[in-house]
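The values are calculated or read from the model by the stated rules, or taken from the named source; none is laboratory data. Model, not experiment: these values are computed from the prediction. Note that we place each Cβ from the backbone using ideal geometry, even for glycine, and neighbour counts take in every protein chain shown.
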């Protein structure tokens, strides 16, 4: 009876019987193939935590870490900079350490010019808990950066170092965690980007003022600002600013010197799922095309990026952003119209913009700062923080020639 029953089923529905067995056979083949693939699949080893490095955060979100250059015992200050395509040493530091340098035909670009740089080849960098060899340092003058931040800036750590590891910049703990390359699990709650990466990471974002536009930007932890936009991009994208929008003159400092810019705010900035309103910006007449227009619109600086804990995984062309405790920190809209520099242990007014609060207060280039806001510490980082108090009349004592002069500057807002 059982055999007759099977034959009857086949005779009643031969096509269904064939399809059923073919389907089951196909599943078996697929399972076997998947099993084979899984056995042969190459799985890279998991990444390992190699070291944890403390850092200091300077005005504008600049990251300062300390290390040594083999075989010298001196502790050096390095800026951690995704906007650097290599790794470098200050020319004065190189001379003091008597580094052997070799001329080259390679050039670097800064906001105030282009220059050819020599190299110190095959050097070894010691950071807390990790040593990295075979690094080719180019030599550049970072005197202006030392003056801006009130710290001796001995060098910049960029792509040549970052590309060798997976690096987690944790602003909540002020630590950089360095991992070996390999399988890496990102923490939950963030956003994974896939930047273009040609030694400098490039990300896409959306900007809005009178119009809205997608654009590409350098991802630049070495820039102490929120956004820098090329004036060519502003014009060509019709990202026009109304007459009611505040736009003021400002000076920015960077590689190569100073550059005159405009300072204002941008109505809306979207980066992945993250959304920022009324973002402070600099608008730049980019004579040397450091912003690579029209391919790029400008750069995203670390006063905005520091609002995320950032994981740099260049080996997989990935950057992971996780909002941190600074995500909702207020932006700095303050405007005084003056720059102050740290020079040979004193703080000097270096530039005063026309029709600015500083000019109206009577400050002049060359004035030596004695105190700001009744603070006599001589700490330029502290003084810059005091000068962010919008609406306040801040007392300043300066030495001009042989006289002490007290003035009061009212800090304005660009928003």
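Kindly evaluate residue 332 against the criterion of being touching a helix residue (DSSP H, G or I) at 6+ places or on another chain (Cβ under 8 Å) and either at pLDDT 95 or above or not assigned by TED's automatic domain parsing to the domain that holds residue 268 (or both).
Working: touching a helix residue (DSSP H, G or I) at 6+ places or on another chain (Cβ under 8 Å): yes; either at pLDDT 95 or above or not assigned by TED's automatic domain parsing to the domain that holds residue 268 (or both): yes.
Yes.
Tallying residues that are touching a residue at least 40 places away in the same chain (Cβ under 8 Å) and under 14 Å from residue 405 (Cβ atoms) within the stretch 353-385 yields 4.
Test residue 77 against the criterion of being in contact (Cβ under 8 Å) with a residue 40 or more places away in the chain, over 27 Å from residue 316 (Cβ atoms) and out of contact with any helix residue (DSSP H, G or I) (no Cβ under 6 Å at 6 or more places or on another chain), and give yes or no. It is true that residue 77 is in contact (Cβ under 8 Å) with a residue 40 or more places away in the chain, over 27 Å from residue 316 (Cβ atoms) and out of contact with any helix residue (DSSP H, G or I) (no Cβ under 6 Å at 6 or more places or on another chain). Of all residues in the stretch 225-246, one or more are closer than 24 Å to residue 317 by Cβ, surrounded by 15 or more Cβ atoms within 10 Å (Cβ to Cβ) and not assigned by TED's automatic domain parsing to the domain that holds residue 107.
Of the strands (runs of 3 or more DSSP E) that lie entirely inside the stretch 69-176, those containing 2 or more residues that are closer than 21 Å to residue 305 by Cα span 76-80, 155-157, 166-170. Scanning the stretch 288-305 for residues that are surrounded by fewer than 24 Cβ atoms within 10 Å (Cβ to Cβ), under 17 Å from the mean Cα position of the chain (by Cα) and on the phi > 0 side of the Ramachandran plot yields a single hit, 292. Taking (1) modelled with pLDDT under 95; (2) in contact with a helix residue (DSSP H, G or I) (Cβ under 6 Å, 6 or more places away or on another chain) in turn, residue 209 satisfies each apart from (2). Listed conditions (1) surrounded by 18 or more Cβ atoms within 10 Å (Cβ to Cβ); (2) at pLDDT 95 or above are all met by residue 163, apart from (1). Answer yes or no: is there a residue in the stretch 323-342 that is free of Cβ contacts under 8 Å to residues at least 12 places away in the same chain, surrounded by fewer than 21 Cβ atoms within 10 Å (Cβ to Cβ) and not in a loop (DSSP other than H, G, I, E, B). Within the stretch 323-342, none of the residues are free of Cβ contacts under 8 Å to residues at least 12 places away in the same chain, surrounded by fewer than 21 Cβ atoms within 10 Å (Cβ to Cβ) and not in a loop (DSSP other than H, G, I, E, B). Could you list all residues from the stretch 393-415 that are more than 23 Å from residue 247 (Cβ to Cβ), surrounded by 15 or more Cβ atoms within 10 Å (Cβ to Cβ) and touching a residue at least 40 places away in the same chain (Cβ under 8 Å)? Matches in the stretch 393-415: 398, 405, 407.
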